[in-house]
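Quick notes on the structure that follows.
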Amino acid sequence: MFRTHLWWYKNAVIRRFLCTNIGFANANQAAKFYAPLLDLKEPATMRHLVKNEFLVELDKDDVKKKIKYLKYLNATGPEILRHAHIMMLHLITLENRATILRESGFVETLTVSALAKYLTIVRQSVKSLKLNRLIPKDLDMIEQLKKQFDISVCPNLVENDDQVKLQELRKAFLTEFLKLRLDLSDDETNRLFTTYWRMKHRSFGHTQRVLDILQNDYNFSRDKIIGNFYLLCADPENLARFPEVVPAIAETSIKDVISKQPKIAMVQCEKVHDLLNELRKQKISEKGILIDPIILTLSPDTIRARLKELQKHKEFEVFFNHPRIIKLIAYQTKASIRLDFLRQLKVRCASLNVLSGHSKNFERYVRDGYDRTMGQDTWHYLNRIFKQEGKKALSQIKLHPNWYHVPVVQLSNTYEYLTEKGFVLDSIFENVQILLYPRFRIESKLQTLLECKKRKVQHDEMGLELASATPSQILALCLYLIEVDFHFTGDGVWPEENQHSDAGAVTNIKIPNTLQTVYKYGRKPPELAGI
């Protein structure tokens, strides 16, 4: 019955959380920050910021690291600002490009200007680089590149001709090295450079170090590396620091976690550390990360934003202690769209797996028209409340013919209401089926029962004295009175009056022994019928 609505879901526009930190509130603040780092006065710095407004938007920590590295290359403040667009590059990219130029014979000419014009430089021929005095005239480029490898690499070149472009020459050496190191076929090599075209801009040193770390420290096999070619673009220093910064997750070595989800190797280890701290603050179990480690590829800012967004929806909030909450966070945008869609269809019982799982499973769920839970979410919620008694609580819940049509959020709302009214866990556990019923049905019945108990008067409908009734008995009578209105069909769990029972069975409602023998089913005994 939901088929006509599937177009809405398929064409929904996904809003991604863009958690970029704006470094500075305005140009004046930025000038005060940049000036001492660049050894310039604020007015001079301000003039450059006016010309290059993007500098105001950069992250402060990244700016510090980049300027520190450029100064390491003997760059001056004015030189950096003359080529301000270089500040838009990632620090790893800057380091990689500098290493490539150094490997290619650039020594005194390894300047900010060379880094800024890197793409133009590597596309020039060796002869042109010599004419422009970027590399020594007597430099033998073939021998220069051979020296950069720890194994003998000698590609099949037609001739040692300075007319060859530097980029083509480097690609030939890198191709030959990878063939020797990983025993790559021609097809695998072509796939690598076609899919990950930036590989031709990887330094020889970084590539060798990444392979050494993956194979020796992380025990990655040849096939695993080939199946995840993007790992060759990883930062070797970051890979080496990972076990120190993040030793383990849920007592599982970070190396084993990365082996299961190699994409994590591309994330800065400090960001993973911050992300884990954020999850710990929210008291979210790390064990869920082992099930869905993809969450480690998100930024801490994204996690904070998604957790804040999840808390706005009661349907999501009840899953915060669920073992699979990590999956919900990882696919929060998709889950939110699905939840809105199901609300339009008035579907109430979608499980966490339905909301965050595979699209085909979700579409199957919608097409089949099942508004029911499979019990996993219900079990986890009851287990969180009743601890070791959670299994018994679920067994009692399942005696109700419509239990699988009640969403966890309804159980949560009712539980919170009962605790607010002062009912303890034991009393709720003894009448656990009451959690299936919507709060508004319970309120009207319970208020009357509590009032009768307080005033020590008989209940009009049942003619019972409730002064000595225990909290557990009060809840049992409340549950009983609700189902009296529905002829004990179990339809009282529906939030709408016009719903019908799915099971056609009589609800298994338990009335306390001390109250049910005389006034069974809400009717007075024959001897008191005329009273």
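The values are calculated or read from the model by the stated rules, or taken from the named source; none is laboratory data. Source: prediction; values computed, not measured. Note that we place each Cβ from the backbone using ideal geometry, even for glycine, and neighbour counts take in every protein chain shown. In case anyone asks, the SASA skips ligands and DNA or RNA and just uses the protein heavy atoms, side chains included. Shrake-Rupley method; radii C 1.70, N 1.55, O 1.52, S 1.80 Å.
Assorted remarks:
- Across all directions, the shadow cast by the convex hull of the chain built on its C-alpha atoms averages 34.5 square nanometres.
- Straight Cα distances below 20 angstrom link K346 to the aspartates and glutamates E315, E317, E363, D368, D371, D377, D491, E496, E497, D502, with same-chain residues fewer than 8 positions distant left out.
- Inter-part distance, the range 358-425 to the range 77-139, computed on C-alpha centroids, equals 63 Å.
- Average Cα contact separation per residue, the chain, under 8 Å, 6 or more apart, as relative contact order %: 9
- Principal-axis tilt of helix 332-344 within the chain, Cα atoms, nearest 10 degrees: 40
- Set the Cα radius of gyration of the range 364-484 against 2.2 N^0.38 Å, with N its number of residues, and you get 1.15.
- Above 15 Å, the calculated P(r) of the range 175-245 contains 51 percent of its Cα-Cα pairs.
- Listed pairs K312/K392; K255/K287; K283/K312; K308/K334; K41/K117 exceeding 20 Å between Cα atoms: K312/K392; K41/K117
- Tilt relative to the chain, helix 439-455 - C-alpha long axis, 0 to 90 degrees, to 10: 50
- Accessible surface of Y417 - all protein chains present, 1.4 Å probe, nearest 10 Å²: 10
- The residues neighbouring S351, those whose beta-carbon lies less than 10 Å from its own, together hold a net charge of +1 under the Lys/Arg +1, Asp/Glu -1 convention.
- Accessible area, probe 1.4 Å, largest first, for residues W403, W197: W197, W403
- Largest-first ordering by accessible area, 1.4 Å probe, given options D186, D39: D39, D186
- By the Cα gyration tensor, the range 69-138 has an equivalent ellipsoid whose semi-axes, rounded to whole angstrom, run 21, 12, 11 from largest to smallest.
- Globularity index of the range 333-384, i.e. its alpha-carbon radius of gyration over 2.2 N^0.38 Å: 1.12
- Normalised by the number of residues in the range 107-251, the mean separation of alpha-carbon contacts (under 8 Å, six or more apart) gives a relative contact order of 19 percent.
- The Cα trace of the range 20-130 gives Rg and Dmax of 14.8, 48 Å, the first to one decimal, the second as a whole number.
- Net charge of Cβ neighbours under 14 Å - reference A469; Lys, Arg +1; Asp, Glu -1: +2
- Accessible surface comparison of K391, K327, probe 1.4 Å, protein chains only, largest first: the order is K391, K327.
- For peptides 248-261, 330-343, sequence by mean Cβ density within 10 Å, most packed first: 330-343, 248-261
- Computed over the range 111-173, the ratio Rg/Rh where both radii use C-alpha atoms and Rh is Kirkwood: 0.97
- Cα convex hull of the range 269-389, projected area averaged across orientations, nm²: 7.7
- Reachable aspartates and glutamates, given that their alpha-carbon falls under 12 Å from the alpha-carbon of K453 and they are not under 8 places away in the same chain: E465
- Rounded to 10°, Cα long-axis angle of helix 27-38 versus longest principal axis of the chain: 50
- Bridging of K68 to aspartates and glutamates at a Cα separation below 14 Å is possible for D39, E79, E95, once same-chain residues fewer than 8 apart are set aside.
- Neighbour net charge for I67 - beta-carbon separation under 13 angstrom, K R +1, D E -1: +1
- Once all protein chains are placed together, C154 keeps about 70 Å² accessible to a 1.4 angstrom probe.
- For V107, the solvent-accessible surface with a 1.4 Å probe is about 110 Å², rounded to the nearest 10.
- In the chain, helices alone account for a calculated mean residue ellipticity at 222 nm of -15000 deg cm²/dmol, with every DSSP H run of four or more residues adding -39,500 (n - 2.57).
- Relative contact order of the range 310-396, taken over Cα pairs closer than 8 Å and 6 or more residues apart, is 24 percent.
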